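In what follows, a structure is listed as structure tokens, so that the remarks can point back to it.
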Amino acid sequence: MKTVYIVDDSDTNLAMAEEALEEHYNVMTMPSADRMFLLLEKIIPNLILLDIEMPVMNGFEALEKLKTGKWAEIPVIFLTGTINASIESQSSALGAAGIITKPFSSSELLNRIKLHME
């Protein structure tokens, strides 16, 4: 079974995403990018759902670190409550596979992930 990381500082968003995906993927949730990098040393996911607005290390900083390291090939889809041209531009420039706006529906989440898992 393929593995998806969900990285978000909101317990509600983590729970909603996990519930939407757990039947189809091995889902691992974590509240921060720091935790994600610790787990990456042990388990490499097939895809990462990454919140942009988090304390300590935001999603853009985390993606930049991912893309310059040994995890550069892992597709990353941003989760965000706010979308604008600046966010879209920065996401694209850093190599994000896409952006999903919150709140998201289970079907949207599943469909977007399936696109990058095939």
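The values are calculated or read from the model by the stated rules, or taken from the named source; none is laboratory data. This is a predicted model, so every value here is computed, not measured. Cβ coordinates were reconstructed from backbone atoms using ideal geometry, including for glycine residues, and neighbour counts include every protein chain displayed.
Among the residues of the range 1-59, write down those that are in contact with a helix residue (DSSP H, G or I) (Cβ under 8 Å, 6 or more places away or on another chain) and of a type in the set (Val, Ile, Thr).
Listed by number, the residues that qualify are VAL4, ILE6, VAL7, VAL27, THR29, ILE48, ILE52, VAL56.
Considering (1) among the basic types (Lys, Arg); (2) in contact (Cβ under 8 Å) with a residue 12 or more places away in the chain; (3) outside any helix (DSSP H, G or I), say which one ARG112 fails and leave the rest.
Against the list (1) among the basic types (Lys, Arg); (2) in contact (Cβ under 8 Å) with a residue 12 or more places away in the chain; (3) outside any helix (DSSP H, G or I), ARG112 comes up short only on (3).
Looking at (1) acidic (Asp, Glu); (2) free of Cβ contacts under 8 Å to residues at least 24 places away in the same chain; (3) surrounded by 14 or more Cβ atoms within 10 Å (Cβ to Cβ), which one does GLU23 not meet, given that it meets all the others?
(3)
Residue-by-condition table, conditions (1) touching a residue at least 24 places away in the same chain (Cβ under 8 Å); (2) surrounded by 13 or more Cβ atoms within 10 Å (Cβ to Cβ):
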site: MET1; (1), (2): yes, no
site: ALA15; (1), (2): no, yes
site: GLU19; (1), (2): yes, no
site: MET36; (1), (2): yes, yes
site: ILE48; (1), (2): yes, yes
site: ILE77; (1), (2): yes, yes
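MET117 passes all but one of (1) surrounded by fewer than 15 Cβ atoms within 10 Å (Cβ to Cβ); (2) farther than 21 Å from GLU19 by Cα; which number fails?
(2)
Out of the range 79-106, which residues are part of a helix (DSSP H, G or I) and without any contact (Cβ under 8 Å) to a residue 12 or more places away in the chain?
Those that are part of a helix (DSSP H, G or I) and without any contact (Cβ under 8 Å) to a residue 12 or more places away in the chain: ALA85, SER86, GLU88, SER89, SER92, ALA93.
Report, by residue number, each residue of the range 55-66 that is more than 12 Å from the chain's Cα centre (by Cα) and modelled with pLDDT of 95 or more.
Across the range 55-66, the qualifying residues are MET57, GLU61, GLU64, LYS65.
Just the residues that are closer than 16 Å to LEU14 by Cβ and out of contact with any helix residue (DSSP H, G or I) (no Cβ under 7 Å at 6 or more places or on another chain), please, taken from the range 80-104.
If the condition is that a residue be closer than 16 Å to LEU14 by Cβ and out of contact with any helix residue (DSSP H, G or I) (no Cβ under 7 Å at 6 or more places or on another chain), then GLY81, PRO103, PHE104 are the ones that fit.
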